[in-house]
Amino acid sequence: QVQLVESGGGLEQPGGSLRLSCAASENIFSMLFMGWYRQAPGKQRELVAVINSGGNTNYADSVKGRFTISRDNANNTVYLRMNRLKPEDTAVYYCYDQRLGRTYWGQGTQVTVSS
């Protein structure tokens, strides 16, 4: 059982930056994929960014060039750096970890972009 703890959400103005963290209870060397989904009110959950065990990354078109996913193996943590934030980035962001045929989820962290 992998536990994921997210942090770093909050209120930010348009054009600002936030960094989300996802700390895993197990060694992230064993993961197949880790990443972030988000869900805005009244909308379906969508994939934002993903990183695989080889370090390859992929992003939703809406965040390419603004968001960066990275990992710190020593601290079993995955980060999502979000720059040039827009009001449409407002959502609950969920971290996930996929390994050994199972997917684990964090509790979610709220990101609100508003002036």
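Residue-level check: of (1) farther than 21 Å from G16 by Cβ; (2) of a type in the set (F, W, Y); (3) buried (at least 18 other Cβ atoms within 10 Å of the Cβ), W105 misses just (3).
Scanning segment 57-107 for residues that are of a type in the set (F, W, Y) and over 22 Å from V5 (Cβ atoms) yields a count of 1. Would you check which residues across segment 48-68 are closer than 14 Å to R38 by Cα, in contact (Cβ under 8 Å) with a residue 12 or more places away in the chain and part of a strand (DSSP E or B) and list them? Result: V48, A49, V50, F67.
I'm trying to understand the selection: among the residues of segment 1-32, which are open to solvent by less than 70 Å² (accessible area, probe 1.4 Å) and part of a strand (DSSP E or B)? If the condition is that a residue be open to solvent by less than 70 Å² (accessible area, probe 1.4 Å) and part of a strand (DSSP E or B), then L4, E6, S7, G10, E12, L18, L20, S21, C22, A23, A24 are the ones that fit. I'm trying to understand the selection: among the residues of segment 57-115, which are of a type in the set (D, E) and touching a strand residue (DSSP E or B) at 6+ places or on another chain (Cβ under 6 Å)? Result: D89, D97.
Just give me the residues in segment 81-102 being in a strand (DSSP E or B) and either closer than 15 Å to S21 by Cα or modelled with pLDDT of 95 or more (or both), in sequence order. Result: R81, M82, A91, V92, Y93, Y94, C95, Y96, D97.
The values are calculated or read from the model by the stated rules, or taken from the named source; none is laboratory data. This one's a predicted model, so the numbers in the text were calculated from it and none came from an experiment. In this analysis, Cβ positions are derived from the backbone assuming ideal geometry, glycine residues included, and neighbour counts consider all displayed protein chains. To get the accessible areas, we keep the full protein, side chains included, count just its heavy atoms, and leave off ligands, DNA and RNA. Shrake-Rupley method; radii C 1.70, N 1.55, O 1.52, S 1.80 Å.
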